[in-house]
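All of the numbers you see were taken from the coordinates with simple rules; none came from a lab. For clarity, every value in this text was computed on a predicted model and none was experimentally measured. When we count neighbours, we look across all protein chains shown, and the Cβ atoms used for this are built from the backbone with ideal geometry, even at glycine.
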Ligand SMILES: [Fe+2]
Ligand SMILES: [Fe+2]
């Protein structure tokens, strides 16, 4: 399996992970001849898909939880929030069940370096992002040996952290291009709106509600809404702020292209000790693949390859399946273990993703 930009779709490629839009299956796993769906995918805001082809045969892209668990959590969250907007009642039973199943899976997954980034259409972004933020947060928490109760608080809070966005005007929320100062201040209100919404659920612990309220706070006081500092931010908030930013950066948005994993990790590391808790950034990044399996990279010898396996002890030197020569011509693929070939390094990562250079200022909301 590998991740390709929709422009790179070839007739022999088959969809390796189903594509959904607004809860509806658009492309099922195994569907071939997909180039004809490119305009449709673009309309939905989907620029990348996971495919299976000869070049990527046998390459696995590890995720922290099963695909069906992710999909069902997204559906449950979507249904819960839609129902809430009609009936004004927020039912949390099903959400709790989904948080519990994610916790169980994460606690039972062996220590892996996660490579998978969930793909979201514009309409599904908030649901996909909420589930991913929960999964990343729980990955950090399991290393801190949280008990079941703390994991549940963190899981519920992270799953609902952006619920306030449903009260923000859609045209501004999904605006292509930069927000005006005023619009930005307005969108920032989603954390307060989220907290106010969650206060109406009596069964939800206050600590979970505060995750919605404070997830944009930063250790150095540069965050919002209150500009709190260091000891005013409990560990839940320190965790979610890292998970939230990482997922936002590595996902395609209407106003900018997704960042490659290594760039998003650099972003966190550069700001660790300032905006983010350095210990938690360390715990998190150790569980992520710097160069995700299935991504196209350029090597220092000019050849191109697909990352095929991680080297746990040397995250910068995975196995690469070399597939093209320096002129971009296909060659008979061969595997290169960069831990053994020390003269070769990766010089460019997630090439198809870099096709349109990402913008430099990520005002993550
Ligand atoms: Fe978020
Ligand atoms: Fe947010």
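Some observations on this one:
- Between 0 and 90°, nearest 10: helix 235-249 axis offset from the chain longest Cα axis: 40
- For region 2-56, projected area of the alpha-carbon convex hull averaged over all directions, nm²: 3.3
- Cα-based shape type of region 12-116, given that a ≥ b ≥ c are square roots of the gyration tensor eigenvalues and the cut on a/c is 1.5: oblate
- Per-residue [θ]222 nm for the chain (sum of -39500 (n - 2.57) over DSSP H runs n ≥ 4, rounded to 500): -11500 deg cm²/dmol
- In this structure, residue 10 and residue 235 have a Cβ-Cβ separation that, at R0 = 35 Å, corresponds to a calculated FRET efficiency of about 0.15.
- Calculated diffusion of the chain, Stokes-Einstein form, Kirkwood radius summed over Cα pairs, 4 °C and 1.567 mPa s, µm²/s: 61
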